[in-house]
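To start, the structure itself, in structure tokens.
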Amino acid sequence: MERLIALATATRRGGAALFENGEPVALREIAPPETGGARLLSAARGCLEEAGLTWENLTAVAVALGPGSFTGIRVGLATALGLVESLGLKLFGVGSLDCVARGARGELREQEIVCATLPAGTGLYYAQLFRDGEPLGGCGLVPADELGARCPAVAYIGADLDFLKNLANRILHHPDWVSPVHLGTLAWERLERNEADDPARIRPLYVKRPAARPTLR
């Protein structure tokens, strides 16, 4: 039986989620300032203990690659790579905004172009366009007052986006952090397709100023 542990540390809150047969069976959330490596491993261990399992029962590990907190991304990726090296696990890196888009999947319409967002501080947002769960280009760092013009979409997904209500057909509210459950769900789909990442080639997704604007392919 395949089992996956998802590690989310790219945003202000995070945690670990254990998946078995494609379903989450245990969850531990971490609130700041407790998102360090030791606390993350403790959360993952708690998931395993709740399910009556050990590290050796795992098949794969998933990690949020960013964008988000520089330190949090590094902690998550270093922890995941350590588990890969010590346990021989398959590795799956997932973008933070992919997780946000996945969190709103049940509210999306077919072929609808949406903009997934996460707050980046000081009036900025990480933003990326999606259609049917697939990215339409890269993610960028966008000032709040330019979000509607630079990321034209039918719907916007994120927290505190009411300032866009006159520009968008719909605002889909989503917490301003990456859920390990959404992360694990996306990673499990790739596990089933045998699309693991190469640990030697995986890279964090840092989006810094100045960053390219999100664009359609």
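FYI, it's all coordinate maths here, none of it is from the lab. Quick caveat: nothing in here was measured; it's all calculated off a predicted structure. FYI the Cβ positions are ideal-geometry reconstructions off the backbone, even for glycines, and counts take in every protein chain you see.
Odds and ends about this structure:
- Filter result for V178 (under 19 Å from the mean Cα position of the chain (by Cα) and part of a loop (DSSP other than H, G, I, E, B)): yes
- Only listed residue being of a type in the set (G, A, S), over 30 Å from R170 (Cβ atoms) and surrounded by 19 or more Cβ atoms within 10 Å (Cβ to Cβ), chosen from A16, A78: A16
- Counting only residues that are part of a loop (DSSP other than H, G, I, E, B) and surrounded by 15 or more Cβ atoms within 10 Å (Cβ to Cβ), the range 109-124 holds 1 of them.
- Taken over the range 125-170, the residue count meeting the criterion of being aromatic (F, W, Y), part of a strand (DSSP E or B) and in contact with an Asp or Glu (Cβ under 9 Å, 6 or more places away or on another chain) is 1.
- Those strands (runs of 3 or more DSSP E) of the range 1-108 in which at least 3 residues are small (G, A, S), considering only elements entirely within it, cover 14-20, 60-66.
- All positions within the range 181-203 that are acidic (D, E) and assigned to a loop (DSSP other than H, G, I, E, B): E195, D198
- The range 162-213, subset under 18 Å from C139 (Cβ atoms) and β-branched (V, I, T), residue surrounded by the most Cβ atoms within 10 Å (Cβ to Cβ): V178
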